[in-house]
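Okay, so here's the structure we're looking at.
The values are calculated or read from the model by the stated rules, or taken from the named source; none is laboratory data. Everything numeric here is computed off the predicted structure, so don't read it as measured data. A quick note on method: Cβ atoms are made from the backbone with ideal geometry, for glycine too, and the neighbour counts reach across all protein chains shown. Areas reflect the complete protein model, heavy atoms only, side chains present, ligands, DNA and RNA absent. Shrake-Rupley method; radii C 1.70, N 1.55, O 1.52, S 1.80 Å.
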Amino acid sequence: MKVAVFSAKSYDRQSLESVNRDYGHELVYFSPNLEIETAKLAAGFTGICVFVNDTLDAETLRAIASKISGSKSENDIKLIALRCTGFNNVDLTVAKELGITVVRVPAYSPYAVAEHAVGLILTLNRKFHRAYARVREGNFSLDGLLGFDLHDRTVGIIGTGRIGMIAAQILHGFGCHILAYDKFPNPACEAIASYVSLFELFSKSDIISLHCPLTPETHHLINSEAIAQMKHGVMLINTSRGALIDTKAVIKALKSGKVGYLGLDVYEQEADLFFEDLSNTVIQDDVFQRLLTFPNVIITGHQAFFTEDALRNIAQTTLQNITDFENGNPCPNTVNLPS
Ligand code: NAD
């Protein structure tokens, strides 16, 4: 199938090309994100392949699906192949209305993301980032580097699907008590975690890690009311989706000390920032810039998925999804509208 690959980076091209030797699709790579302004690049393709910060709202979907009469090339996209797990950036209702099939990569390496979440916890706690810089400057003082044992601490995991379950297992291995909250509890998790209400999880956890999807229900799940229920000095970790957290409410809580540590791999407005080298530009997002001023905040730029294993699995599943669609085979990774 002829597929336009949007927001393509060198590593996407490398992993897709290497796996595509076995599939033989015609992949054309475009650096820009898909949005209404770039929708015309999809002309002449049957499928598009997109990532987390591509915009597939109603307007963009209508633009990529509609045939432009009189134009040399026509937009007639039939397949959206997400090379990620989350699909919150796709208007599924409009995609269905336009007859566009949406497929995704439900799991490529839950270990990659869970391990990154634990990495953020350890870094915030033991301050590796500060120790690294200090030692390189010959400063061996320990002032300001005091951490705490993870052993015996209580960790709240919100969303105990593939990633949350592995994060729970790793932290259970550290000797943490695991509290869990999920709309649909995972029986496999019950051996190591106690399912509790959100209120109990908020009020008893020393560390809270978010692993549920972004939906209208989970938007700003962590807001000022939720934070008010938490322990003073709580550590918050978000490797899921930025808008699970009301960033302004968290900034207020960081200033008061209510939130003692914040580790983010995702950010509400990350589409304007992440995956690009902006080191020579003036960043206009004042909320993001404020976050960077706190010594107890660590932000990584949506890199939790970024392991060799994950990229290989993403390429394999994406290309198989495209082949399934092309051959008219039922694709197990089709995203359906919630019933
Ligand atoms: P999953 O579908 O296996 O698990 C999600 C869990 O959240 C499920 O158990 C589900 O029941 C639960 N859930 C749904 N609605 C909920 C609600 N309202 N409250 C509490 N729990 C709820 O998904 P996964 O593979 O574990 O991925 C989790 C999230 O991680 C994805 O949605 C995605 O946004 C994010 N993610 C981030 C990266 C990254 O690089 N940072 C990479 C992959 C996935």
Point to revise | Cross-chain or 6+ apart pairs with Cβ under 8 Å, the stretch 199-212 first and touching a residue at least 40 places away in the same chain (Cβ under 8 Å) and more than 20 Å from ILE166 (Cα to Cα), then in a helix (DSSP H, G or I) and open to solvent by 40 Å² or more (accessible area, probe 1.4 Å) | key: none
Study note, to complete from the structure: Counting only residues that are part of a helix (DSSP H, G or I) and either open to solvent by 40 Å² or more (accessible area, probe 1.4 Å) or charged (D, E, K, R) (or both), the stretch 221-256 contains a total of 7
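A quick yes/no check of all residues on (1) at pLDDT 95 or above; (2) more than 16 Å from the ligand (Cβ to nearest atom):
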| site | (1), (2) |
| --- | --- |
| GLU37 | yes, yes |
| VAL52 | no, no |
| GLU59 | yes, yes |
| SER66 | no, yes |
| GLY86 | no, no |
| ALA112 | yes, no |
| ARG136 | yes, yes |
Review point. Considering the stretch 301-332 alone, what residues qualify as being within 12 Å of the ligand (Cβ to nearest atom) and open to solvent by 20 Å² or more (accessible area, probe 1.4 Å)?
Key: GLY301, GLN303, PHE306, THR307, LEU311, ASN313
Review point. When the stretch 21-30 is examined, which residues are found to be more than 20 Å from ASP272 (Cα to Cα) and either within 24 Å of the chain's Cα centre (by Cα) or not in a loop (DSSP other than H, G, I, E, B) (or both)?
Key: GLU26, LEU27, VAL28, TYR29
Practice item. Return the only residue of LEU262, LEU319 being within 25 Å of GLY147 (Cβ to Cβ) and not in a loop (DSSP other than H, G, I, E, B). Key: LEU262
Review point. Out of curiosity, is LEU41 open to solvent by less than 30 Å² (accessible area, probe 1.4 Å), of a type outside the set (D, E, K, R) and on the phi < 0 side of the Ramachandran plot?
Key: no
Exercise for review: For the stretch 138-167, enumerate the residues that are within 16 Å of the ligand (Cβ to nearest atom), under 21 Å from VAL234 (Cα atoms) and of a type in the set (Gly, Ala, Ser).
Suggested key: GLY156, GLY159, GLY164, ALA167
Check your understanding: Going by the structure shown, is LEU236 under 26 Å from HIS177 (Cβ atoms), hydrophobic (A, V, I, L, M, F, W, C) and away from the ligand (no atom under 12 Å from the Cβ)?
Key -> yes
Exercise for review: Please enumerate the residues belonging to the stretch 168-200 that are within 10 Å of the ligand (Cβ to nearest atom) and open to solvent by less than 10 Å² (accessible area, probe 1.4 Å).
Suggested key: ALA180, CYS189
Exercise for review: Among the residues of the stretch 314-339, write down those that are farther than 18 Å from ASN20 by Cα and among the aliphatic types (A, V, I, L, M).
Suggested key: VAL335, LEU337
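Does LEU82 fit the bill of being open to solvent by less than 30 Å² (accessible area, probe 1.4 Å) and more than 15 Å from the ligand (Cβ to nearest atom)?
no
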Revision key, fill the gap. Across the stretch 84-124, the tally of residues that are more than 25 Å from LEU56 (Cα to Cα) and in contact with a strand residue (DSSP E or B) (Cβ under 7 Å, 6 or more places away or on another chain) stands at 5
Check your understanding: Can you name the condition, by its number, that VAL266 falls short on among (1) within 12 Å of the ligand (Cβ to nearest atom); (2) in contact (Cβ under 8 Å) with a residue 60 or more places away in the chain; (3) touching a helix residue (DSSP H, G or I) at 6+ places or on another chain (Cβ under 8 Å); (4) of a type in the set (A, V, I, L, M, F, W, C)?
Key -> (2)
Practice item. Say whether the condition of being at pLDDT below 95, farther than 30 Å from ARG153 by Cβ, polar (S, T, N, Q) and more than 16 Å from the ligand (Cβ to nearest atom) is met by at least one residue in the stretch 100-108. Key: no
Review point. Taking ASN33, is it touching a helix residue (DSSP H, G or I) at 6+ places or on another chain (Cβ under 6 Å), open to solvent by less than 50 Å² (accessible area, probe 1.4 Å) and outside any helix (DSSP H, G or I)?
Key: no
Review point. Of the residues that make up the stretch 288-296, is at least one charged (D, E, K, R) and either exposed (fewer than 14 other Cβ atoms within 10 Å of the Cβ) or in contact with a Lys or Arg (Cβ under 6 Å, 6 or more places away or on another chain) (or both)?
Key: no
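Conditions (1) more than 15 Å from ASN321 (Cα to Cα); (2) of a type in the set (D, E, K, R), marked per residue:
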residue: LYS2; (1), (2): no, yes
residue: ARG13; (1), (2): yes, yes
residue: LEU27; (1), (2): no, no
residue: LEU34; (1), (2): yes, no
residue: GLY47; (1), (2): no, no
